[in-house]
């Protein structure tokens, strides 16, 4: 199992994303809040560089008492990354595609040790 140091914790401030190659696969690493995430930088749809995508809250419908949608809002707790090629969205917590739960990004383990960030399979 490969393990790679991708930098120091402070290197990830201001939505910095870092790329690293693990076992021949390009992986992107980023921090959101106090948690780190790492996924293969290959959208399962058409191979787009999903790591270059925008982070947004999942769209949630607000319904009234008649169960009619009155508006939509962005979640502040469920965050997706959007592939810049075709707009596929993936939940950063587990890599699952918002439109089709059978599709997911390959996720990597990320951990901190002595102020450094490491990624492994």
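All of the numbers you see were taken from the coordinates with simple rules; none came from a lab. Just so it is clear, the structure is predicted and the values come from calculations on it, not from any experiment. Please note: Cβ atoms are built from the backbone with ideal geometry, for glycine as well, and neighbour counts cover all protein chains shown.
Give the shape of region 53-100 as rounded, prolate or oblate, defined through the alpha-carbon gyration tensor: a ≥ b ≥ c are the square roots of its eigenvalues, a/c under 1.5 means rounded, and otherwise the shape is prolate if a/b is larger than b/c and oblate if not.
On the way: a/c = 2.45, a/b = 2.21, b/c = 1.11.
It is prolate, given that a/c is not under 1.5 and a/b is the larger ratio.
Can you put 77, 54 in order of Cβ neighbours within 10 angstrom, beginning with the fewest?
77, 54
Set the Förster radius R0 to 25 Å, insert the Cβ-Cβ distance between residue 93 and residue 73 as r into 1/(1 + (r/R0)^6), and round the FRET efficiency to 0.05.
E(calc), rounded to 0.05, equals 0.85.
Which whole-number percent is the relative contact order of the chain (Cα, under 8 Å, 6+ apart)?
27 percent
Compute a Gaussian network model of the chain, connecting alpha carbons closer than 10 Å, and tell me which residue from 32, 107, 46 fluctuates the most.
Per the Cα network of the chain with a 10 Å cutoff, 46 tops the list.
Quick one: order 100, 14 by neighbouring beta-carbon count within 10 Å, fewest to most. Can you show the working numbers first?
Working: 100 11, 14 5.
The most exposed by this proxy come first: 14, 100.
Rg to Rh ratio, the chain, alpha-carbon atoms and Kirkwood radius?
1.04
Given the options 63, 96, 50, which has the most mean-square fluctuation in a GNM of the chain, springs set between C-alpha atoms less than 10 angstrom apart?
63
Let me check against my output: what whole-number percent is the relative contact order of region 53-100, with C-alpha pairs under 8 Å and at least 6 apart?
Across region 53-100, relative contact order equals 31 percent.
At residue 113 and residue 23, where each label point lies 7 Å from the Cα along Cα→Cβ, what is the point-to-point distance in nanometres?
1.8 nm
Under a 10 Å cutoff between Cα atoms, tell me which one of 19, 47, 33 has the largest fluctuation in the Gaussian network model of the chain.
Maximum fluctuation in the GNM of the chain, among the listed residues, is at 33.
In whole percent, what relative contact order does region 1-51 give with Cα contacts below 8 Å and a gap of six or more residues?
24 percent
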